[in-house]
Every structure is written in C-alpha cells, then in structure tokens.
Amino acid sequence: MGEFKVHRVRFFDYMPSAIRSMAFNSHTERLAVARADGAVEIFNFADNYFQEKVIAGRDGRSIEALCWVGCRLFSAGLDGEITEYDLENLRPRYSIEAYGGPIWTISGNSEGTLLAAGCEDGTVKMFEVLEDRIQFQRNLSRQKGRIISLSWHPSGAQIAAGMMDMIRIFDSETGHATHRLLVDRGVGASKSREVVVWSVAFLNDHTIISGDSAGKVQIWDGLTGTLIRTHLVTKWDVLVLAVSQDESSVIAGTSEGTIVQFQFISSTVGQQDKLWVRTRTFKNHSHDVRALVHTDSAVISGGMDTQLVVRPLLDKVEKNTQESALRKIAFPHRNLVSCAKKAGLLLFQFPDHLELWRLGESDRNGTPGESLPVNRKPEKLIQLKTKGEDHICCSALSPCGSWLSYATVAAVRLYRLQISSNNISIQKVSKLPRELKSVHQLCFSSDSCRLFASSSFSSVVVVALNQTDCKYLHTLKHKSGSRQPIHILSPSEDGQWLATANTDCEIHVFNLRKMKLHCSVPAYSSCPTAVSIHPTTGNLVSVHADQQIFEFSLKQKEYSEWSRQLQRQGLHPLWLQRDTPVTSISFNPNNPAHIMLHDVFMFCIIDQSLPLPEAKTKFYNQMILRSLPQPQRLRESHAFKTCKNFQHLLSVNLLEDLSLVVVERPLVDIVAQLPAPVRQKKFAT
Amino acid sequence: MAALCEGYTLCGLVPAVNRRSSEIKGIEEERDSDHVIVTDSSRSVTLYKVSDQKPLGSWTVKQGQVLTCAAVFNRLTNEYVAVSDNKVIRIWKEDDIILDKAFKATVSADVRSVHCAHGAEPAVLFQRGAVRLLDSLLSAPQQPVEEVLVQDEAIRWSTNIVTETQQMVIFTTELKGDHFLYLQRLKPNSVQKYRLEPEEPGLSPLSFWASYRDKNICLLYLYPNGRVYQSLVSVRGPAPDDGAQAVPLPRDQLLSLPVGEELLEAASAIFLDDAHVAVVGVPHPSAGPGKDFLCIWNTNFQTLQAAKEMAGKLYGQLWSFSSKLFIPHGKALSVIPFACPRSSLALALGKLKQVKTEESKTSTVVPSWNTILHGEEAAPPKTAEARKTRTTRKMQSSLSLTIDQVQDLIKTAPVEEVEKEVQELLSRQDPKDPQPSLGQLALALVSRSLADPKFYSSRALTQLVPIRCLSHSVCPDLLPLALEKRDYFLCQLCLLFFHDIPEAVTCACLKTFISLSDADAERLSLEPDSVSFVEMLISNERAQTGLQNGFSPALCEEDRTDAVDDPKAKAKEKQKASPQQTCPVGKHKAALINEVLQTAYSEALLLPHLKDFSSDQVVLFLRYLEFLYLRYSTDGFSQMHGYRSPSLNQVMDWVCMLLDAHFTVLVMSPVAKGLLLNLQSFVRSQVRLFSELGKIEGSLQELTKMKMKKDVGQYSIEVIELY
C-alpha cells in the first residue's frame, strides 16, 4: 500500500513536571492537576479522561494545594498567594497575598462559602468566597509552628489542622483551638526530628485520620481527642490522604510510591462494630505519591514520577471492561511539536523555551525495514528563551518555516526566520496588533500569510503577515454562546476554511474568504481531540475523546456517506479500547482516500476505499498481511492500517516530500531523568 | 516419623516391691548432654557418662541422713547442690570425695527442691512455696522464709524455666482437689497464680511437664483418664498483683490416649518437640491392657509414631535430655535414644504425589490430609477435628449401644452372624458422618481373628476399611492379618485407604504380591477399577506407534538415526524391542503391585526393607516397572484416563529405589543385564531429548535478545511499509 521514509526523532527532551496536587470536582467530574512548574491541567473524567485545558505555569509559582469551590478553582502555594483561575481564558484570574508566609494548604468548606488557608506563620486564615473574588475574613487562633494540612468537618463547625508534631482542632465559629492531638515521632534516629502531619481528613462521625512523616496513618476520635489506632504504613512519609465520598474508604500515598487503602468495615462478617482496616496496597508509582483523589470507583494518584494514574477499584467497577483498566496518563493530549512541512523544520515547545531543529537527510533509498545512512545530521538551529516569568502556553511554526510564534498568558510574540544553509537569522516582529492577547492556540495558514489565534470568548483573531509587517484582519466569532476556549485550530490547505473546536465539544467552520461562519458541525457529546479538513474533498474529519471518527462534508453540510457507514457498522473494539486520544490528523496529497492519525502508541492510516473492519476481524493485521502474497493481501486488508513500530509518539507529520516525521519520547528516557526514588530494601540486596 | 532406637541400660535398680515410684529421685543433666547425675531415693548421688554407660563418681550422705531432693549441677560454678534432711543444703565439687566434708548450710524452713537450669543460678523452692536464689539464701541461711501456700496446700511438682531475660520457678499445688499453678519470677520477684481447669471429679494430674517456647511456657499434663492437656502461660503475663487472685488457666486437649477399662496409675507425658509427646505407662492402642509401653505420639496428626514395650514394671517416670529418653523400669534405668524429625505433612504421610486420583476417588471415602487441611468440608483446624472425633468417641460409644452390642457379639458369635450384624450396622450409618467407634469393630474383629485362627470375616472387614474412621495406626494388625490370610482384596483396600502404613508393611505386601503365582492371582477378585486400568494398559500395548516424549523404542538400541529410514531395520528393531512391551505379570498381580506403587512412603525408611528382596523378585519387579514406564512414555496416556493409577513419577521413583537397593546384585546377574541396558539407553535418549530442548531454548533466547538489541539512538531515517 505504501512505503514511507520515516525520520525517527528522539531528540525532543520533553520532560513533564511532577504532579504536586490534585482536586476533583465530583459534580462536573473534572480533575484539576497542579504540577511542580505551576501549570494547572483540567481533565474531564466524564469524557475519557481527556485533558481539555492546560493553564501554563510560571517561574516561581509553586502550587501546594488546589481546591474547587463550586466550579471555581483556587490554588495556593509557597509564594504566599491564593490564586483563582479563569477557566475560560486559561489564565489566573487574580492572586491575593495572604500575608501569612508560604501557604501549605487550602480547603473550602462544604457550603462553598469559606476558604481556609494554612500558613507558615501558624495561622489558619479564613477567606470569604464572594461572587467575583475572595476576601479575608479572620484568623483562627494562631499556633506555634506551620499549618501543613487542613480538613473541614462536613458540618463546617470544626476544622482540623495538621502541624508539626500535632494536630489541632479549631472551632470555626469562635476560632479557638479546642483539641490538641499529639502525634508520636518516629522511632530510632528520627526520634529527634519533628514529625510533619502531611495530611488530615475530618470525617462526618468526627473521626480524624492523619498521615505523617513517620510513616503512620492514625485514626483519632475528634470528639475526645484520643488516638484510636495507628497503622504503620511505611518507613518513609505518608504524604497524602484521600477519603471516598461515602467515607467508607481512605487511601494514603507514601514516599515509596505505594498507595494503601483503609476501609471502614466490621472485623467479622455481620457485626456492627466497624473499624478502619488496612485492606489493599497499590504500587503504580516509582516515586513519591504527592496527590491522591478517591472517586467512587477509582483511585487517582500522581506524584514525582509525573504520571497520572487512574486505578479503578475492582470491587466498584465491572470486571474486564474498559472502565476496569488501569490508565496511566504520561503525555499531554495536545501537540508540543510544530512541523514546517515545506522546510523540514521542527519546533519543540518547552515550558520556558523553544527549540528549532532541522531534520537530517539521506540521499539513499532503501527497502522496507532498513535504516538509511544519515548524510546530514539533524541540527538545532535556534533555542529561544522566553522573556518574563510566564511559561509558554502555545507555539506555532509556519509551514514554510519563515515564521515562528508563541504565546504566554501575558503576551504573543512573532518572529521572522531566515534560514539558508549556513545562515540563520531571527527577527522579532515588534508591532503586533492589540487584538492579539489572551491567546490559547496559534496556527499559521498553509501559505504562511495568515496567523490565526484563538482568543477569549471562543473567538479567533486573524492576522495577515507579509514581508514587512503584520496587520489585524478580523475576529471570527460564532453565535453558539459558548465561552469555552478553543483548543484546536485547523485551516484548510486551500486557505478557504478554518475549523475550530472548543471544549464545549463544538466544531465551527469559518469561511476565510468571506470571514464569516460557514457552518457548525452537529455537536457530539465527546470533545474533539483532532480536527482537520481534507485538502481535495473539503471534508472535515474529526476524532473525539471517545475515539469516534466523523467525516463531515462542508459542501453538503452533512456527514459523509463514509462517516454514516462507519457509524452504522461501528468502530472495531480494539480501536475503541485505546486509552490515548488521537492528537493529529493529516492527509496524503498523493492518495486522497488516506487519512493519517496518531496517538501515543500507534499511528494509523485509514484507507477509505477499503472495507471497514468487522468486530471479529483481526484489527492489527499488518504482520499477517506482510506474510501474504500480493493478491491475497488485498482481500484480507481492511481500512485501518496501524503501525506500532514507534511508541510514545508526540507527533507524526507528513512532509512535503511525503516522508514521515515521527517524534518519539520513550517513557524510559523520562524515567531515567527522574531523581532517584527513596531507597528500598529489596530482597537479597 | 519419629522413631525409638535400641536402648541400653545405664544402671541397675533395686527392685521396688511395694513402692509406686522407683528408687530414682531425679536425673539431671550435668556438664553436657552425655553426663547425667542420678539421685536415688536413699542416700547417694551418682555421676554417669551416658555413652559409656558407666559411673564416673558417686557421693553418699552418712547413714541416718537422707537426701530429700534431686541433686543439681551448677554449671556456673561446677558445683553440685543437694539437700539432705529437708533443711541442710550441701554443695560440693567433683573432686570432693567425702560428702560430709563438703560445704553445708542449714536453713530455717523445709526445702522442697533445688532447681538449676542451663546457665542460671540455682533456685531453692521451699515446701511452703517460697523461692530463694541459692546465693542470697546462703548469704543468710537462717533468714526467715515466708509461707506462700495456705494451710493444706501442698506442692505436687516443680521445675525451673529460664527465658532470655528471666528465670522463673513454676510449681503446681493441690488444695482440696483443686490444682493451681504458681509462676514465680525471680529478679524481680513476682508470683502469678493460675487455677487449672478441673477434670472429672477426683482426678488429679498424674504428671506435669513444662517447656518454654515462643515466649510462652507450655505446660503439659496427663490425667489418669488418658487425656493430655496443654496450657500456654505467657511469660510476660498480666501485671503481677501479688498473685492474690488465681487466674483460670485455659487448656487445650492435645491427645486422648486409650486407657482401657481402668484409670492410669503411674504414667507421665513429656514434650519431645512441639509436635511429639512421649508417653510412658499408657497402654498401646492395639496391644491389650498392658501398660508397659513407651510411646511417641504426634499431636498434630494424632498418630502413634513409635512404641516400645518396656520389660518390668514402669514407674511413670520419664526424663528426656537431648534426644535421649531416660526411663526406669523393672530393675534397670534404660536410656533410649529417639529421633523426632520435624513433622511435616509430607513426612507424616510419606511421599504422596498423586494428587489427581486423590481428588477424584479417595477423598470421597477416606479423610486425606489434603482435604482435612485444605478441603472444603474441613473448616475446623486439623487437631480440633481429630480431637473432636476422639472426644466424641467415648461419648458415642456410651450412647449408641448397638455398636457396643455388635462389639460384644464379635467376641463370641460365628462368622456369618458377625458379618450380617456388621452389614446391618453399616447400612444404618450415615455415610457422610461415620462414627469413629466403628473403628473399634475392626479392632475387635482383628483381635478375635488373631486369637481364634478359625475365625476370619473378610466381608465385614472389607466393608469396614473404606470408612473414614480406620487407619493403620488405629488398627495396626489388620493389614498383616489380611496378608497372612491371603485376603489380597482386603490388602488392596487397606493400601488404598490407609495413608499411614509403615514402610516395612508396605514392603511385606509388595514381596507377597510379587511372589504370588499368576495363576493364583487370576482367581482373585480385586477392585474393578484397578484391574480395568491394567487391562487397558495391556490391551493397547501393541497399538502404540510413533514417537512420544522424544523416545522411540526403535531407536533405543542404538543411536542410529538412519534406522528410521530403513523399513527393514525398523521392523527388526521393533521386534527386538517388543518383548519388553509385554506385561511381565498377570493383570491381577499388576493391579496389586500398582496399589503398592501408589502408597505413601519415605525413601530412607523403605530402602532397608527393599534390600530383603531376592534377585528374582527384583528382576521381575523391575521388568514390570520398566513395562509401565515404557507404556507411559511411549504414549501420553498416563494423563488421559480417569483411573486410579501410579503416576510416571511414582514409577520412576520406585525404579530408582530398586536400583539403589540392588544395583550390585543386578549388575552381576545376567538376567538383568538386558534390562539395565534398556533402561540406560532409555535414560540416554531422554537426556538427549532434553539437551536438544536446551539448545532450542538457547536459540530462542538468542532471538529475543536480537530483537531487544535494536537501539535507535537519537535520530534515524528508516523505511517502513504499510500493507
């Protein structure tokens, strides 16, 4: 069917940042994840764990705690500020200084009216949550030693605070400390070290559960302030606790990377006297588990090893279903690589810099399976450091390779590149139109003379580029009323169409000639993860977080016949079982029937001229086809041609000369760059 | 299996005519396990070297004085300590010749005993319950000694226990029929008092024994009704509150020994290790009323592991020092070495590998340890279950008179009537819950048959054997009786259902089966399953072809591979090989031998008995085993049928053992030469097969390695093709 020359690129040193904190909003089923570099990511658990929003971080912002109040997201960190995020514009809305030194924790009460922050100076500061901001209300009585962790009693009348060597219980009305629970230090050498109560949980029945740096999970009676039970879980620290909604289960994350579950069950069947019993241990992490969420059916954990792990509790989900599968989310669900198809350049986006590489060359042709000798090595042309503290939220490289643009929360920057074989020049375009601000996605048109930027209120700013300057042309708007950010911009090859997708699952197509909305694709319940317009047929192909594929004819403004057939027949189960989203779609100009897409673990060419695979046919059939003689091959083949030779794909692009560029980032390389985990005694070592 | 070795006499005793106890007051270990000091009840203390059976020294107090407690040896100072006339403590060294010249001190109260455990200071127990360390006592011999015990309370037994951190003296007392245990800790002093659970009224423990294990003191005591109890006393225990209140001491029944009609008088039980108890003065379960037995019981499996009849009267005294039992009996003090290997299930049952048939067949009728320990119906732990059956036995025998009646009937009635009654009784039983007392019927039948040579009821016994309640240890004479009466069907049943047949008996069976003439054997009626298995084995012996397990009989003579291509040579080879393919024994005989092959055994114990076989027997047996082995390896049918059959491993084990036992004889014998050559080439072909497999494995590993090695590096340009 096709031979490809593949540039296999492994020099993108993408390094995800460690997960610091997580908060789960059970009403909207959104998980907020804070990373060590200050970035906040929003995952939609109702939609196949799709990472729908990323708010870029910033130097010096270290988030220690995240907290949902209703649909509003707050964070606090060691910079001493409480920040609320604007989830529509993907930026911090405001930050206020708490004046208590570094903030270790924040926690909202169940009504969503108050926010308590635990500070380094020993105060618990109460903030009133107002309509558009938060306002300092008062301090609870000040303690000696920092407040590391906080937990509200569900009634809101009391609040438990984990400190050094102790836990305090405050009356939230009066602000006085009512109990002091002394936490034992570790034995032996650590006796002299203060024990840090990393996490507390205040349950409805006034049970307090604490996890501390001596490796203990302790159960306390909050009414009397007495210790009920101690579970020694690890030799290292218990860093985080999470309680299930019904308070029947508690999980504790440790420095060893284990997660220990405790359940409130009766020791013998049929008896009423329940107690907290250590039940299960999960080990999905190699490093510290810093953040935990206990949903009704799963344990969600993250930590130093940067992966987000969703571990379903097998007693809560149906066995052997998609839901019961362990999921590890290690790579972002968006592109960090831009490719200049015509120039053979690659742009890699890092939080605080960009790298521009030129691909290598080989003048030889080879037979399939062969590695070609590399004549010219790939070359790093430019490393561009950002100005200011804000991290890059998006970047783009024009197809001809002469424009480069990136955006931070604060600003958009555009550069003009001139690259000849031995001379590279980069020139900043100084005067950008005022409309280019608050940008979350950037994209160049295929002829490189337009720049599209998704902006606030789901609008797209169109800027015209020419040799000398850039000029604001138009702001494209749709009328659906959605204010959610646009996360995909996809212009057509001929420059007529621009497709946009936002996190409200809407796909709008604009006519760039008339600069107005052409049509909206009928809304589908799952968020589009990749959208692209076919260069010749003008069909829009979209792939969604639930792995469904649609093809929509822009001329007829209806789903194409192929798409209908695909929906009638259904996708192959193995296709639907993949757990990473398709992040890009491209087309082969030589063969209009081919659609190329990829996720982290495979890339796939869909041949629309071939029959779709039935549920019982072998989906991954490349090996079998290879062994068959040519005529038989045709009979056996089906539309989905999957290649799994390359793994941990961050990007797959088809260059103009029809060679493929695959950018791999093997997980082992990421793991190799992690700091050493805590030492563990292994048997026979 | 625990075993008692041949004993020897350490010293003679003056026969005690009308006394219950022997003249030995006590035996204590001296400097090492080979030296003991024996204190006799009159005046002398003697030091013996046990392995030499000779005295090394003896000390006697003056006429008129009496030693009132057993002498002990203080290892710290190499001194002996004894007490004469209740109040005079005497201390001497080995080179002191005359005892009267040695050190003595008179104390203010009567001394009950002196104890000195390994490496600890001697402790003195006074008759009224006070305890002093010898050193502190001697520093002020006339110090007042308090009374711990109340009026009428008297010490019955005492000993000394040393834990890692503490030394303690424990003693039991009796007060108006109640028994108490005192735990006196030394340094710091504290005393804890426990009350023993009362047994039937009027019964006092006959013997006590205490040992320290796992932070607990384990107290073992035997009652005259044959029950052996164990109580665990925690060393740490509750906070000492001056022992004001006697804490009830829970107990576990370890064993219920058969005592016959009358209660025991002089008996004692001691722990040999955590699973074995040595009992003296209790009747052997199948040897009638005589009580002159020394037995070792396994408490985990409730089985009698070894027994020895002692000549002369037993005094119910027993000591054990480092795998030697010291037992005074009749006119002598005997030393009997014993061995208690760690009792694992495998050892207790021998090698029982055939799990498959175990599940399919036997488990329904016979309690296998597998099902008792892990099985569905055995929820209570093993000892509890066994204990229950033992305790209920007594109850039920008193309740269900019919079994007793039948038992009485067996003693007198003719065979036909007995058989009828037994059958009727069995038909009334619930097959799921057979009564253990049914086993008594078998015992009665066997003892009648032994006593009356004309009486033998094969039918009744064959009905009784497949019941859960019978085993070889319960009725050890059954299988030898069946052999003697040539009742081979019963033998087969016993081999099938008993899991504890000693290797000697197994070998006796095997020997009889092998030397059985085929004509006789064909007349037997045997268990149909086993016979049909052999029939199948023989019937398709010709039908097999092809290579299985890498072995072709055509190839076994020579390692010529081209023989396969040449049809003539192949036929010739086959002809040559075929004689081994006929079964060397008749099918009934084969069925019987198969039964032996499947029994449990342990190799070390079986080997000596195997050596008794004559060379003809060995050759025949070996030929049969070879036949089985060939059948098994030339077609894969050892797995495919549901019969109870010996497994390939069992066959192989027997071949190995037989060769081990008789190799030299076989090598010399011309008859066996071909056989051995065959076996050898067979083994060689197997070895070749495995080496070939090893090569394949190696190359496969190499393949996976090659796949792994492909390292891409930072950048490469590759060509792929999609189809």
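Summary table below
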{"item": "Of residues in the stretch A:325-372 being within 10 Å of chain B (Cβ to nearest Cβ) and of a type in the set (A, V, I, L, M, F, W, C), the one nearest to the chain's Cα centre (by Cα)", "result": "A:W357"}
{"item": "The stretch A:373-385, residues that are aliphatic (A, V, I, L, M) and away from chain B (no Cβ under 14 Å)", "result": "A:L381, A:I382, A:L384"}
{"item": "A:G388 more than 14 Å from chain B (Cβ to nearest Cβ) and either within 30 Å of A:V429 (Cα to Cα) or out of contact with any Leu (no Cβ under 6 Å at 6 or more places or on another chain) (or both)", "result": "yes"}
{"item": "Hey, A:F4 part of a strand (DSSP E or B), within 14 Å of another protein chain (Cβ to nearest Cβ) and of a type in the set (A, V, I, L, M, F, W, C) or not", "result": "yes"}
{"item": "Condition check for A:Y85: more than 20 Å from A:L130 (Cβ to Cβ), of a type in the set (S, T, Y) and within 18 Å of the chain's Cα centre (by Cα)", "result": "no"}
{"item": "Close pairs (6 angstrom Cβ cut-off, 6 or more residues apart or separate chains): closer than 11 Å to A:P581 by Cα in the stretch A:320-335, of a type outside the set (A, V, I, L, M, F, W, C) and surrounded by 14 or more Cβ atoms within 10 Å (Cβ to Cβ) anywhere", "result": "A:H333/A:Q51; A:H333/A:P581"}
{"item": "Near pairs, Cβ below 7 angstrom, 6+ apart or cross-chain, from the stretch B:299-322 (not assigned by TED's automatic domain parsing to the domain that holds B:H472) to any residue that is buried (at least 22 other Cβ atoms within 10 Å of the Cβ) and hydroxyl-bearing (S, T, Y)", "result": "B:Y315/B:S22; B:G316/B:S207; B:G316/B:S268; B:Q317/B:S22; B:Q317/B:S268; B:L318/B:S268"}
{"item": "So A:F348, is it over 26 Å from A:E656 (Cβ atoms) and aromatic (F, W, Y)", "result": "no"}
{"item": "Strands (runs of 3 or more DSSP E) contained in the stretch B:44-134 and holding at least 3 residues under 41 Å from the mean Cα position of the chain (by Cα) and either surrounded by fewer than 17 Cβ atoms within 10 Å (Cβ to Cβ) or in contact (Cβ under 8 Å) with a residue 24 or more places away in the chain (or both)", "result": "B:44-49, B:54-60, B:67-74, B:79-84, B:111-115, B:123-126"}
{"item": "A:V299 vs. criteria out of contact with any Ser or Thr (no Cβ under 7 Å at 6 or more places or on another chain), outside any loop (DSSP other than H, G, I, E, B) and hydrophobic (A, V, I, L, M, F, W, C)", "result": "yes"}
{"item": "Boolean, A:F619 is closer than 25 Å to A:L650 by Cα and surrounded by fewer than 19 Cβ atoms within 10 Å (Cβ to Cβ)", "result": "yes"}
{"item": "Subset tally (residues that are over 36 Å from the mean Cα position of the chain (by Cα) and either within 16 Å of A:L241 (Cβ to Cβ) or modelled with pLDDT of 90 or more (or both)) for the stretch A:176-201", "result": "8"}
{"item": "Qualifying residues in the stretch B:177-190 (those that are touching a residue at least 40 places away in the same chain (Cβ under 8 Å) and crowded, with 18+ Cβ neighbours inside 10 Å) - the one farthest from B:E153 (Cα to Cα)", "result": "B:L186"}
{"item": "Unique match (being away from chain B (no Cβ under 14 Å) and free of Cβ contacts under 8 Å to residues at least 24 places away in the same chain) among A:P399, A:P312", "result": "A:P312"}
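The values are calculated or read from the model by the stated rules, or taken from the named source; none is laboratory data. Just so it is clear, the structure is predicted and the values come from calculations on it, not from any experiment. Ideal geometry is used to build each Cβ from the backbone, glycine not excepted, and the neighbour counts take in all protein chains shown.
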